[in-house]
2 protein chains.
Amino acid sequence: MSGTVPTAAPVLPIRGRLRPLGLDQVRITGGFWAERQSINAAATLPHIEHWLERAGWIGNFDLAVQGDLSRDRRGREFSDSEIYKFLEAMAWEIGRTGDAELESRFRAIVRRVAAAQQADGYVNTRFGRPGQAPRWSDLEWGHELYCVGHLLQAAVARARTRPGADDGLFEVARRAADNVCETFGPDGIDGLCGHPEIETALVEFARVTGDDRYLTQAALFVDRRGHGRLSDVEFGREYFQDERPVREATVLRGHAVRANYLAAGVADVAVELKDASLLDAVRTQWSNGVARRTYVTGGQGSRHQDEAFGEDWVLPPDRAYSETCAGVGSVMLAWRLLLADGDPRYADLIERTLFNVVSTSPSADGRSFFYTNTLHRRELGTLPDADRPSLRAAASLRAPWFEVSCCPTNVARTLASLSAYVATSDDEGLQLHQYLPGTVEHRLPDGRDLCVSIATDYPHGEQVRVRIESDDDRPWSLSLRVPGWAAQGATLTVDGDTRPVGPGFATESRTWRRGDEIVLSLPMTPRFTYPDARIDTVRGCVAVEHGPLVLALESVDVPGVETVDELRVDTSQPPRLVHGRVTVRCRRVHSRDHDWPYRADAVESAPVVGEDLDEVALVEYHDWANRGPSTMRVWLPTAR
Amino acid sequence: MSGTVPTAAPVLPIRGRLRPLGLDQVRITGGFWAERQSINAAATLPHIEHWLERAGWIGNFDLAVQGDLSRDRRGREFSDSEIYKFLEAMAWEIGRTGDAELESRFRAIVRRVAAAQQADGYVNTRFGRPGQAPRWSDLEWGHELYCVGHLLQAAVARARTRPGADDGLFEVARRAADNVCETFGPDGIDGLCGHPEIETALVEFARVTGDDRYLTQAALFVDRRGHGRLSDVEFGREYFQDERPVREATVLRGHAVRANYLAAGVADVAVELKDASLLDAVRTQWSNGVARRTYVTGGQGSRHQDEAFGEDWVLPPDRAYSETCAGVGSVMLAWRLLLADGDPRYADLIERTLFNVVSTSPSADGRSFFYTNTLHRRELGTLPDADRPSLRAAASLRAPWFEVSCCPTNVARTLASLSAYVATSDDEGLQLHQYLPGTVEHRLPDGRDLCVSIATDYPHGEQVRVRIESDDDRPWSLSLRVPGWAAQGATLTVDGDTRPVGPGFATESRTWRRGDEIVLSLPMTPRFTYPDARIDTVRGCVAVEHGPLVLALESVDVPGVETVDELRVDTSQPPRLVHGRVTVRCRRVHSRDHDWPYRADAVESAPVVGEDLDEVALVEYHDWANRGPSTMRVWLPTAR
């Protein structure tokens, strides 16, 4: 896109309405996301490496070389993928900062992985060696192709940030990808992976190599899914989207991470192959998934049992699964659809999900994580041990590591590559999708170099000031996304003229001069949000939102109240902003205890309304559980 | 209790406020339960035998004898228990009807089981033979002691209905029980079973044999639980109630079947050992479990993930697990507490659970079953195949059999022994807990023979007419339970005098003459029921109840309405009884579809209120899904 230097971005489609800008073009210089990137680099990456070593998951590659794998291997069947996701995170981080020490750690791990690769390119520490189950003997649960997919994504990240680096990762990936194509090609095993991921990875590997063989293989995997090739497991074939062909599905369903990863890969295949009906199927699945099966946080997955989407409108806050990785997968999918279609609704969901799912997972210090992101915590429950991996996915506080520890590495790679999800270009100019202090540079196809800088306190400040930093005699267009939540009161000011703008792109096409400024002003008044009446579990409740942020009521903010469930919010007074915190007027209630909680008398079942608590301060949802154990609600029952 | 002939009842405590009457003393002659017992005998028992043979689970015992077990064994680790539960069901049925053909089938199966027992008394087809895992090598999941427990319960049922029968079952059970005591005694393995059941079974076996060794072993198992002897599994040790000592727990928790079976066994141990504090712990657990963690149907278990109780107030109707077996376990527990304490609240829960959980599981024809009993079905979903076992626990229609098929045999043994849960005695007379057409006979400790007959259309008719069928010169007391739901309007008529009675026992002590009649009249007006406000998932909804029956809105009763979720009930008009069916006034609503289901405008989020549908007929919950696929709700949103 920018001459011979590849764009440092995870997704580079051959066509589409918008073209992504990469880490080399978008710099984040401060604010909400810079702080998270800094914590990610300083705390999370070393934390992950510590645990990957301690858990023995990197050591598995050494054991493979030593021949002790069948006896001493540690970790679940997909643990190799965590090393690959960590390598991907490091690759983006090195691309972002050029950290030399990180570069050397990166190379050391790549060497250990490379040493374990077998002669024919197969690399996996769980299968295929003496004393282990044979290769590809458990396509439902073995995650072998899934692991290869993450290896390819790491290699792609590296190739786009350090093209031609002599670390050997790309060669490992190429041999693994070739092994997959040889094994699962038209004349090979007629199978597919229980956990999608190889599809999107192969397409990107085709893009980075220019070799369509990988694209063809990805398309074959997509075609194979949905015909019952995978066994019928306890959760049903819907769990891995194998119950119906991809083209026939009309909504995201089954395991929420699998669903998003698959749909991302399908979008990639559809774009590359100009398969309009296939892309349309993904659009429909996304639209219905977002309209009926997504939490207000952007979180997806309402079932603990199978980490899956529920049926339409099944969105219980207290049993929300909303896995961090499903949030990452949702960003992956929405970004691909945004590039394909240019519809800002996709960027709306990305923003919501980044602020309220991806950034909720890590603690303020970047060393513990939520695996699931519930919207209602009723009890403090069993608190995690800061020095032990958590067996279970849900806890009242974040845990340092998990037996299934997919989320920390997914957060790390997303944060390290975050600037690649901020801006795009088309032949006319630039589009800004996410707002943060920083700079965006881009060379148009006709060779003109554009540059803008952005100053904003977003998500807290009202104004996004975009300053033109390049001079050009010919006009080009600058588009700013007006978020869907800013339906009333947003304005755009250009050259002293202010005009109201509504959700979608606010576009200004003109001959820009260095120093020109365009100011998007957003209505940063905190607001009540009402759920669709079909979501039974939050009937009679409101959420409170502030810009793109979902807020929550956390017990540590209400001294003297035993549980947040004893509060009712008075919706006759809108939420207010008081000294930088959003408050709502609440009333305390006292529940009546009965032997049997179902009564013929409505009054007996209702709580006793107690004193007015006046204003109660809410917490930004992503920041809850950073002040010790607490109970928490996003959806607040209203006072009658 | 009745001289030398044992009472044909599953539970015969040595002490307690009330003494149970057995199948030999209580005859059910018609009505709701007679019909279910008849279907159970004619359809369900042969259906179960067919599937036990077809699935190979009885055949496993033959394979054990042939030595082919390690290669050819079929079924899950607990499949032996289904044979034992089936034997128990047959034993009660033979005791009830004396069916000679059933007797011969019973003996044939006992012979196959007996042949597989090993020399030291151990009997299990899953463990301990060449090529199998060693005995007791998987106490968390192996279910070996659980299986022995059900073997003992079958033997107890047989011993109390055919004492001294020469079928050999009792000897098999005794040798298995002795093997357990030798293996797990004070000097044996310091372990316990991941699925409680052996505890209650050993106590009953002690009662039937008079040998306290079994009681001592049961008490040892109870003491061992709650100290982390079982491994920490994914669901946490709470799953099998091993996270804290039995005496310290204050509420039913973890896996709902395990919780109830354990508490039943603990109650048995506490009663036998006069351990007042232990019994008090069980009472507290039951009271809190019922007050905060039980569905309006009596169903228990709100989590699919681990088939477990949720935290307090977590009772989502659409994700209700409410496993049939948890209902059976709840009846077991409440019955033991009723016998110990004489508190009619226990009988209230038994009634609710029998009508709305246990009788909901089997289809009208007795050949398919609900494993889970949801309170809200939103979609038709994947319908079960009438000729294949269902892999999954939840379906829109009942399934003929399951991979884990605990529920059909549990329903069968409960229905066959149902008359043992109807009436009790104390030194003063009789107590009637459940109402059905039938007769109750009893010999008081002083030798007097009492007999009453009961005529009623319960649960549909208002009147329960109890006629004295014996003559005696000395007074004795007759107590009739006034259900908790009959808080207003119940009356008792004796000898022409009518007086109001409230929930609890209505007791009449007098010298009764043959032909005397006592009539309990219950307020059979259908009623709205309101949930405690802490149950977030049903806020703004009402249920409709009619006597002890929970009603439901089923889509097959509302032609032209796509889903029951499109209806709102008008609570300003009470439910009415029209031609034998309960109706409510409903209004149809049309939901507004949006791209994003959370809106700043409350009106936009609310549905459009449509035409009045007038009266909509409800179905008795236990009878839903007997007319083809449908959607269904127990909790109905109210019209504003």
Name the residues of the stretch B:570-599 whose accessible area, probed at 1.4 Å, falls by at least 50 Å² once all protein chains are in place instead of their chain on its own?
B:ASP595, B:TRP596, B:PRO597, B:TYR598
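Work out, step by step, the length gained on full extension between A:ASP166 and A:ALA108: first 0.36 nm times the residue separation, then minus their alpha carbon distance; give nm to one decimal.
19.6 nm
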If I take R0 = 60 Å and measure r between the Cβ atoms of A:HIS579 and B:ARG247 in this structure, what FRET efficiency does the formula 1/(1 + (r/R0)^6) give, to the nearest 0.05?
0.75
Where A meets B: accessible area buried, both sides, 1.4 Å probe, Å²
5400 Å²
So which residues in the stretch B:522-556 end up with at least 40 square angstrom less accessible surface once the other protein chains are there, compared with the chain by itself, probe 1.4 angstrom?
B:TYR530, B:ASP532, B:ALA533, B:ARG534, B:ASP536, B:THR537, B:ARG539
What are the label-to-label distances in nm, one decimal and shortest first, from B:GLU604 to the same spot in the other copies, with labels 7 Å along Cα to Cβ?
4.2
Which log10 I(q)/I(0) values, to two decimals, does the stretch B:133-248 give at q = 0.16 Å⁻¹ under the Debye formula with one point per Cα?
-0.72
Long-range amide H partners of B:THR294 with built H, under 5 Å
none
At 7 Å along Cα-to-Cβ for each site, give me the label-to-label distance between A:VAL609 and A:ASP495 in nm.
5.6 nm
Chain B: calculated mean residue ellipticity at 222 nm from DSSP helix runs of at least 4, using -39500 (n - 2.57)
-10000 deg cm²/dmol
Which shape class, rounded, prolate or oblate, goes with the stretch A:19-421 when its Cα gyration tensor gives a ≥ b ≥ c as root eigenvalues, a/c under 1.5 marks rounded, and past that a/b bigger than b/c marks prolate?
rounded
List the distances, in nm and shortest first, from the label point of B:PRO559 to the matching label points in every other copy, placing each point 7 Å from Cα along the Cα-to-Cβ direction.
6.6
Determine the dipole magnitude for the protein assembly as shown: charges of +1 sit on the beta-carbon of Lys and Arg, -1 on that of Asp and Glu, nothing else is charged, the reference point is the Cα centre, and the result goes in debye to the nearest 20.
140 debye
How big is the gap, in Å, between the Cα center of the stretch A:107-164 and the Cα center of the stretch B:476-492?
72 Å
Go through A:211-217, B:528-534 and give me the packing order, highest mean Cβ count within 10 Å leading.
B:528-534, A:211-217
Apply the a/c threshold of 1.5 to the C-alpha gyration tensor of the stretch A:1-85 and tell me whether it is rounded, prolate or oblate.
oblate
Using 0.36 nm times the number of residues separating A:ILE189 and A:HIS460, minus their current alpha carbon distance, what extension gain do you get?
92.2 nm
For A:VAL482, enumerate residues with amide H under 5 Å from its amide H, sequence gap 5+ or separate chain, H modeled in the peptide plane.
A:GLY504, A:PHE505, A:ALA506
Once you average over the residues of B:287-299, how many Cβ atoms of partner chains fall within 10 Å of each Cβ?
2
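Take the Cα pairs of the protein assembly as shown, get the Kirkwood Rh, then feed it into Stokes-Einstein at 37 °C and 0.692 mPa s and tell me D in µm²/s. Working shown, then result.
Details: Rh = 33.2 Å.
D = 99 µm²/s.
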Given the C-alpha centroids of the stretch B:173-194 and the stretch B:1-62, what is the distance between them in whole angstrom?
27 Å
With R₀ set to 60 angstrom, the calculated FRET efficiency between the beta-carbons of A:GLU234 and B:ASP427, to the nearest 0.05, is 0.70
Suppose each label sits 7 Å from its Cα in the direction of the beta carbon; what would the A:ASP341-A:ALA639 distance come out to in nanometres?
4.2 nm
Rounded to the nearest 0.05, what FRET efficiency do B:GLU379 and B:ASP473 give with R0 = 51 Å and r taken as the Cβ-Cβ distance? Could you check?
0.20
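Give the accessible surface of chain B per residue, rounded to a whole number of Å², with probe radius 1.4 Å and ligands, DNA and RNA excluded.
Ligands and nucleic acids excluded, the figure is 33 Å² per residue.
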Using just the alpha carbons, could you tell me how many Å³ per residue the convex hull of the stretch B:423-521 encloses?
84 Å³
Run the numbers for A:SER277 and A:ASN626: contour at 0.36 nm per residue of separation, minus the present Cα-Cα distance, in nm.
121.1 nm
With the dipole of chain A defined by +1 on each Lys or Arg Cβ and -1 on each Asp or Glu Cβ, the option from A:VAL619, A:LEU273, A:GLY560 whose Cα lies farthest towards the positive pole is A:GLY560
With a 1.4 Å probe and all protein chains left in place, how much of the accessible area of the protein assembly as shown comes from carbon and sulfur atoms, in whole percent?
46 percent
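Taking the highest mean first, how do the peptides B:376-384, A:290-298 order by number of other beta carbon atoms within 10 angstrom per residue?
Ranking, from highest mean packing down: A:290-298, B:376-384.
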If labels are modelled 7 Å from Cα along the Cβ direction, A:ARG388 lies from its partners in the other copies at nm distances, smallest first, of 4.2
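Can you pull the Rg over Rh of the stretch A:57-201, Cα-only, Kirkwood?
Values: Rg = 14.7 Å, Rh = 15.3 Å.
My calculation puts Rg/Rh at 0.96.
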Filtered GluC sites (Glu not before Pro), the stretch A:217-263: DSSP coil and at most 14 other beta carbons within 10 Å:
A:GLU234
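The values are calculated or read from the model by the stated rules, or taken from the named source; none is laboratory data. This structure is a prediction, so every number in the text was calculated from the model and none was measured. So basically every Cβ, Gly included, is an ideal-geometry build from the backbone, and we count neighbours across all protein chains shown. Protein only, heavy atoms only, side chains kept; ligands, DNA and RNA dropped before computing areas. Shrake-Rupley method; radii C 1.70, N 1.55, O 1.52, S 1.80 Å.
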